[in-house]
Amino acid sequence: MDANGEELAPAVRSILSAARDRTGGEERVSVEARSVPAAFAAAEADGRVPVIAEVKPTSPTTDGRRDDDPVDLARAMVDGGAAALSVLTEPEHFGGSPASLERIRAAVDVPVLRKDFILTEAQLDVVESDVVLLIARFVDDLPALVAAARERGFQPLVEVHTRAELDRATSAGADLIGINNRDLARLEVDLDTFESLAPSVPDDVTLIAESGIASVADVRRMREAGADALLIGSAIMDGDVTANVRRLTSA
């Protein structure tokens, strides 16, 4: 069960079990982060919808695996107009690695999000990135982990799915919040999740819509509901990533 007392999907239980066993790095990380709000503003000024494109070789909710060089995929996404990138570093269930993130960040000039199931402060010290994902549902002491991330120079993106999690994120001082349309207890997606929570997000927060965004219509729907940016994975990874990003950022 999670912190909310809900039974988790077997895939999520497996991911969390693996995450609890992973250690941190040997040295404390210090990052000079590329600004996410600045990257979003630059995309807007260029007439593009701010999109965080996700380099995701595979996942428990997709079929198959994509074995392209992650750096080639990342560059293709930036060529298509991605304002930032999300890179999976979870190895066992998503095919990611810290080494891939390190290579990608060296190859592009946009902010890079480390997407993983980070549960402890030590797990922050694995690889440099501009942003780190902290999932409110799974973090015991969210204010402490947000503070630890900032002390290292990271921009913490706090992910929420419920009003209670949103309240925890704002109480922890999060100024970059992602509303995940996917319920991690059941792995079901509902875009209504973003629409129901977005009005409660403080105006000074940069708000990102996550999961289930597959079409231009979905992009427009999330933007109209208040999304400053969108995190999109499967809809970009399926096919020509440059063309997919260009299509979705033109919405």
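Structure above, values below:
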item: Failed condition for residue 95, given (1) modelled with pLDDT under 90; (2) at negative phi; result: (2)
item: Residues satisfying the stated conditions in segment 98-111, i.e. in contact with a Ser or Thr (Cβ under 6 Å, 6 or more places away or on another chain) and buried (at least 23 other Cβ atoms within 10 Å of the Cβ); result: 101
item: Residues of segment 224-238 satisfying the condition of being more than 17 Å from the chain's Cα centre (by Cα) and in a helix (DSSP H, G or I); result: 224
item: Any hit, segment 120-131, residues being within 15 Å of the chain's Cα centre (by Cα) and small (Gly, Ala, Ser); result: yes
item: Residue match in segment 194-201 (condition: assigned to a helix (DSSP H, G or I), polar (S, T, N, Q), on the phi < 0 side of the Ramachandran plot and surrounded by fewer than 23 Cβ atoms within 10 Å (Cβ to Cβ)); result: yes
item: Complete set of residues in segment 234-250 that are polar (S, T, N, Q) and closer than 19 Å to residue 39 by Cα; result: 242, 249, 250
item: Restricting segment 157-174 to residues that are farther than 17 Å from residue 117 by Cβ and either assigned to a loop (DSSP other than H, G, I, E, B) or acidic (Asp, Glu) (or both), the residue that is nearest to the chain's Cα centre (by Cα); result: 174
item: Filter pass, residue 186 being free of Cβ contacts under 8 Å to residues at least 40 places away in the same chain and either surrounded by fewer than 17 Cβ atoms within 10 Å (Cβ to Cβ) or among the acidic types (Asp, Glu) (or both); result: no
item: Members of segment 1-36 that are farther than 20 Å from residue 211 by Cα, surrounded by 15 or more Cβ atoms within 10 Å (Cβ to Cβ) and at pLDDT 95 or above; result: 29, 31, 33, 34
item: Given (1) touching a Leu at 6+ places or on another chain (Cβ under 9 Å); (2) at pLDDT below 95; (3) within 15 Å of residue 240 (Cα to Cα), index of the condition residue 78 fails; result: (2)
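The rows are residues; the columns are (1) crowded, with 23+ Cβ neighbours inside 10 Å; (2) within 14 Å of the chain's Cα centre (by Cα); (3) not hydrophobic (A, V, I, L, M, F, W, C).
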{"position": "71", "(1), (2), (3)": "no, no, no"}
{"position": "78", "(1), (2), (3)": "no, no, no"}
{"position": "84", "(1), (2), (3)": "yes, yes, no"}
{"position": "89", "(1), (2), (3)": "yes, yes, yes"}
{"position": "92", "(1), (2), (3)": "no, no, yes"}
{"position": "96", "(1), (2), (3)": "yes, yes, yes"}
{"position": "113", "(1), (2), (3)": "yes, yes, no"}
{"position": "116", "(1), (2), (3)": "yes, yes, yes"}
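Rundown of residues vs (1) surrounded by fewer than 22 Cβ atoms within 10 Å (Cβ to Cβ); (2) outside any loop (DSSP other than H, G, I, E, B); (3) over 17 Å from the mean Cα position of the chain (by Cα), yes/no style:
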position	(1), (2), (3)
207	yes, yes, no
213	no, no, no
219	no, yes, no
222	no, yes, no
246	yes, yes, yes
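The values are calculated or read from the model by the stated rules, or taken from the named source; none is laboratory data. Just so we're clear, the structure is a prediction, and the values are computed from it rather than from any experiment. All Cβ positions, glycine included, derive from the backbone under ideal geometry; neighbour counts span all protein chains shown.
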